[in-house]
Amino acid sequence: KKTIVVHIEPGMEDGDKIPFIGCADESPGADTGDVIIILKLKPHNHFLRKHDDLLIEKKITLSEALLGTKFVVDHLDGRKLIVSTPENQVIVPDSVKVIEREGMPQRGNQFEKGRLFIKFNIIFPKPEEITETLKQQLKNCLPPPDETKGIDMNAENVYSVGMKDSDIKQFQNAQSSYHSRREE
């Protein structure tokens with residue numbers, strides 16, 4: 001029996017191999033084999049890794065997206081990063097910001113680090129949270145555009161239509177409603 005101590009270097013990735021030459025079983029008249037340790041990284045609850053870069057998703061409210069916010073990222077190494085959204089900049093849904101040199105350490109040089117990407121998910125208020133008073137205040141602060149101004153709603157070729165909820169997959173999976181007939 002032999003005890004093998006495996007040293008995991010900062011920055012090592014999923015699938016990296018650590019060979020121990022000549023540490024496998026021995027048998028008379030045969031070369032001693034090698035033991036190869038293959039790293040399998042455990043998924044993290046908050047961080048997604050791609051090489052030296054990390055990605056987190058951050059949920060913020062609509063008011064934080066419009067007015068700015070500060071939040072804390074509990075980093076893998078125990079540090080707390082205080083992140084501020086850029087001043088006078090609106091964060092749009094699914095936008096991505098990056099913080100240089102806050103990703104994973106590079107293998108062989110743990111002082112050089114990858115990037116930390118932050119993908120923003122905007123939490124919009126629920127319809128029941130928007131009172132009539134709030135609606136009026138929003139209209140005063142953020143007047144909605146009126147593209148129908150100047151259109152005669154009673155004109156022959158003008159139609160008022162409604163919408164309902166859908167999913168982009170319904171569009172992506174659409175099939176032709178035209179069926180060609182086979183001529184005989």
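The values are calculated or read from the model by the stated rules, or taken from the named source; none is laboratory data. Quantities reported herein were computed from a predicted structural model and do not represent experimental measurements. So basically every Cβ, Gly included, is an ideal-geometry build from the backbone, and we count neighbours across all protein chains shown. Ligands, DNA and RNA are excluded from the accessible area calculation, which covers all protein heavy atoms including side chains. Shrake-Rupley method; radii C 1.70, N 1.55, O 1.52, S 1.80 Å.
Remarks
- Remark: the stretch 26-107 is approximated by an ellipsoid whose semi-axes, taken from the C-alpha gyration tensor as √(5λ), come to 44, 12, 11 Å, largest first.
- Centre-to-centre separation between the Cα atoms of the stretch 101-172 and those of the stretch 43-98: 18 Å.
- Farthest toward the positive end of the dipole of the chain, out of 30, 69, 153, is the Cα of 69, where the dipole comes from beta carbon charges about the Cα centre.
- Gaussian network model of the chain, springs between alpha carbon atoms under 10 Å - residue of 74, 146, 31 with greatest fluctuation: 146
- Residue with peak Gaussian network fluctuation, the chain [Cα springs, cutoff 10 Å], from 158, 72, 90: 158
- Nearby lysines by direct alpha-carbon distance to residue 2 (threshold 20 angstrom, same-chain neighbours under 8 apart not counted): 17
- Only the Cβ atoms of Lys and Arg (+1) and of Asp and Glu (-1) were treated as charged; on that basis the dipole of the chain about its Cα centre amounts to roughly 460 debye.
- The residues of the chain present an accessible area of 87 Å² per residue when probed at 1.4 Å with all protein chains retained.
- Nonlocal amide H pairs with residue 16, under 5 Å, H built at 1.01 Å: 39
- Were the residues from residue 151 through residue 38 laid out at 0.36 nm apart, the gain over their Cα-Cα distance would be 33.9 nm.
- The sum of -39500 (n - 2.57) across all DSSP H runs of n ≥ 4, divided by the residue count of the chain, sets its helix-only mean residue ellipticity at 222 nm to -3000 deg cm²/dmol.
- Acute angle (nearest 10 degrees) that the helix 132-141 long axis makes with the longest principal axis of the chain, alpha-carbon atoms: 90
- Its alpha carbons considered, the stretch 75-184 gives a radius of gyration followed by a Dmax of 25.1, 75 Å.
- Of the solvent-accessible surface of the stretch 81-126, computed with a 1.4 Å probe and all protein chains present, 53% belongs to carbon and sulfur.
- Carbon/sulfur fraction of accessible area - the stretch 135-178, other protein chains in place, 1.4 Å, %: 52
- Karplus-based coupling profile of the stretch 9-20, in residue order and whole Hz: 7, x, x, 5, 10, 4, x, 4, 10, 10, x, 10, with θ = phi - 60° in 6.51 cos²θ - 1.76 cosθ + 1.60 and x standing for Gly or Pro.
- Whole-Å semi-axes of the chain's equivalent ellipsoid (Cα gyration tensor): 55, 30, 13
- Per-residue HN-Hα couplings for the stretch 95-111 [Karplus 6.51, -1.76, 1.60; θ = phi - 60°; Hz; x = Gly/Pro]: 6, 10, 10, 10, 10, 5, 6, 10, x, 7, x, 7, 5, x, 8, 5, 8
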